[in-house]
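Comments concern the structure below.
The values are calculated or read from the model by the stated rules, or taken from the named source; none is laboratory data. Not measured: the values here are computed from a predicted model. Don't worry about glycine lacking a Cβ; one is built from the backbone with ideal geometry, like all the others, and counts go over all protein chains shown.
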Amino acid sequence: MHLHEYQSKTVLKRYGVEVTPFGVASNFEEVESVIKSLGLEKAVIKIQVHAGGRGKAGGVKFANSPAEIKKVASELIGLKIVNQQTGKDGIVAHQVMITPPCDIEKEFYCGIIIDREHKRPTLIISPEGGMEIEEIAEKSPDRILSVPMYEGGKFKGFQLNYICKFMGWSGDVAKQGAKMLRALGKAFWELDAEMVEINPLILTPDSQLIALDAKVTIDDNALYRQKELLEYYDPSQESEAEVNAKKFDLAYISLDGDIACMVNGAGLAMATMDIIHHYGAEPANFLDVGGSASTEKVTEGFKIILSDPKVKAILVNIFGGIMNCATIAEGLIIAAKELDMKIPIVVRMEGTNVDQGRKLLKDSGLDLISTTSLGEAAQTVVKEIK
């Protein structure tokens, strides 16, 4: 789950990370309130969306008077940005963050991620900030330092000393840097984060280290123990289909193809998408109904699939271990009758109660195409759309 910048700063501030003062507004009255509460004469106004590249998209602007702050904020509330991160449909900003401008002596990059290759949380830090980390890696790889983090989100003293030397921090700035890194590590660990990023981390002319921008992503699988953070969930930043999928505990991601997939198990779902591609077509989605889906859950899954106008056919691929094939069959039958499906549906089922499931489909009177292997199913569904 992604947090907005103002939410990320709120959380990191609790852990002791220095941030600039800010206010958040979603309408004209709230903009006026922020100006008054912060005593603003000048401001930076930033749209709050779950995507990067806000500045390039015109979503970050300066204002040099209270009247201009109101004008700019009013223009940015409701702004839609479209870039690689948002997809072609774009994302609408329903809020703006308003903050006083800050003098900058130097910009740095600092982030903690899960290093999948080494299976551990890792600090990525660079004396080059204010740009995407990928750009730094391409242009100046020697200016990036990777440091493993210990259990509990801790860094050893020798690590902090080395980091400060690499970053060019000394004296009081080094003390601030070490304090901030300890705070970031603790936040990452205790929040069950997948990523904590400050870009840029700035050094002001009076030698203060401040997080000018912040981004936090929480592991969805850990939200059951991060109930306070659930309040930060913003459904306006996701498609209606993805919001509905969350309601029914379905793992759903919309893609650009035209063959929809309904599968139980993430690994099998990935294999299903791969084999569709192998036979010359593109999947329209990733949809994992899980190992113990109910008939209602399966029915809702089909509704979500059919809400995508690009879908020309559906491939149902079920391996019944925990999952009961008869349950999938019942859900498919209910959904097909309720939604009056007009597109080809190819079904491949194996495992628990597969004979019962196949019989239910055969006796349903629905126009379904039953197959016995994944290869046959993929070839059949690709042939159907072509």
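Answer yes or no as to whether Ala193 is in contact with a Lys or Arg (Cβ under 9 Å, 6 or more places away or on another chain) and buried (at least 17 other Cβ atoms within 10 Å of the Cβ).
On the way: in contact with a Lys or Arg (Cβ under 9 Å, 6 or more places away or on another chain): no; buried (at least 17 other Cβ atoms within 10 Å of the Cβ): yes.
No: the conditions fail for Ala193.
Filter segment 341-352 down to the residues that are at pLDDT 85 or above and either in a loop (DSSP other than H, G, I, E, B) or not assigned by TED's automatic domain parsing to the domain that holds Asp258 (or both) and list them by number.
Ile343, Pro344
Hey, Gly129 hits all of (1) in the same structural domain as Lys46 (by TED's automatic domain parsing); (2) in contact with a helix residue (DSSP H, G or I) (Cβ under 9 Å, 6 or more places away or on another chain); (3) assigned to a loop (DSSP other than H, G, I, E, B) but one; which does it fall short on?
If we test Gly129 against (1) in the same structural domain as Lys46 (by TED's automatic domain parsing); (2) in contact with a helix residue (DSSP H, G or I) (Cβ under 9 Å, 6 or more places away or on another chain); (3) assigned to a loop (DSSP other than H, G, I, E, B), just (1) comes out false.
Is it the case that segment 275-289 has a residue that's assigned to a helix (DSSP H, G or I), in the same structural domain as Glu330 (by TED's automatic domain parsing) and buried (at least 23 other Cβ atoms within 10 Å of the Cβ)?
The answer is yes; a qualifying residue exists.
Restricted to segment 354-386, and to residues that are in contact with a helix residue (DSSP H, G or I) (Cβ under 8 Å, 6 or more places away or on another chain) and not in a helix (DSSP H, G or I), which residue is modelled with the lowest pLDDT? Working first, answer last.
First, the residues of segment 354-386 that are in contact with a helix residue (DSSP H, G or I) (Cβ under 8 Å, 6 or more places away or on another chain): 354, 356-358, 360-361, 364, 366, 368-371, 374-375, 378, 381-382.
Imposing the further condition that a residue be not in a helix (DSSP H, G or I) reduces the set to 364, 366, 368-371.
Numbers: Ser364: 84, Leu366: 79, Leu368: 82, Ile369: 86, Ser370: 84, Thr371: 88.
Across segment 354-386, the extreme among qualifying residues is Leu366.
List every residue pair whose Cβ atoms sit under 6 Å apart, with the two residues 6 or more apart in sequence or on different chains, where the first one lies in segment 135-158 and is of a type outside the set (A, V, I, L, M, F, W, C) and the second, anywhere, is part of a strand (DSSP E or B).
So the pair list comes out as Arg143/Ser126; Ser146/Thr122; Ser146/Ile124; Pro148/Arg120; Pro148/Thr122.
Scan segment 132-171 for residues that are among the hydrophobic types (A, V, I, L, M, F, W, C) and either closer than 19 Å to Tyr15 by Cβ or outside any helix (DSSP H, G or I) (or both) and jot them down.
Let us first name the residues in segment 132-171 that are among the hydrophobic types (A, V, I, L, M, F, W, C), namely 133, 136-137, 144-145, 147, 149, 155, 158, 160, 163-164, 166-167, 169.
Across segment 132-171, the qualifying residues are Ile144, Leu145, Val147, Met149, Phe155, Leu160, Ile163, Trp169.
Against the condition modelled with pLDDT of 80 or more, touching a helix residue (DSSP H, G or I) at 6+ places or on another chain (Cβ under 9 Å) and assigned by TED's automatic domain parsing to the domain that holds Asp288, how does Ile328 come out, does it pass? Lay out the reasoning, then the answer.
Values: modelled with pLDDT of 80 or more: no; touching a helix residue (DSSP H, G or I) at 6+ places or on another chain (Cβ under 9 Å): yes; assigned by TED's automatic domain parsing to the domain that holds Asp288: yes.
Spelling it out, it is not the case that Ile328 is modelled with pLDDT of 80 or more, touching a helix residue (DSSP H, G or I) at 6+ places or on another chain (Cβ under 9 Å) and assigned by TED's automatic domain parsing to the domain that holds Asp288.
Being surrounded by fewer than 15 Cβ atoms within 10 Å (Cβ to Cβ) and either over 23 Å from Gly130 (Cβ atoms) or not polar (S, T, N, Q) (or both) is the filter here, so list the residues in segment 57-70 that pass it. Spell out how you get there, then give the answer.
Looking only at segment 57-70, we keep the residues that are surrounded by fewer than 15 Cβ atoms within 10 Å (Cβ to Cβ), and these are 58, 62, 64-65, 67.
Listed by number, the residues that qualify are Gly58, Phe62, Ser65, Ala67.
Looking at Leu250, Leu230, Leu209 in this structure, which one is crowded, with 17+ Cβ neighbours inside 10 Å and within 24 Å of Arg14 (Cβ to Cβ)? Write out each step before concluding.
On the way: Leu250 fails: within 24 Å of Arg14 (Cβ to Cβ); Leu230 fails: crowded, with 17+ Cβ neighbours inside 10 Å.
Selected residue: Leu209, the only one of Leu250, Leu230, Leu209 that is crowded, with 17+ Cβ neighbours inside 10 Å and within 24 Å of Arg14 (Cβ to Cβ).
For residues that are part of a helix (DSSP H, G or I), of a type in the set (Gly, Ala, Ser) and surrounded by 19 or more Cβ atoms within 10 Å (Cβ to Cβ), tally how many sit in segment 1-35. Quick ask: steps written out before the conclusion?
So in segment 1-35, the residues part of a helix (DSSP H, G or I) come out as 5-14, 28-35.
Pick out the ones that are also of a type in the set (Gly, Ala, Ser) and you get 8, 33.
Restricting the remaining residues to those that are surrounded by 19 or more Cβ atoms within 10 Å (Cβ to Cβ) gives 8.
Final tally of qualifying residues: 1.
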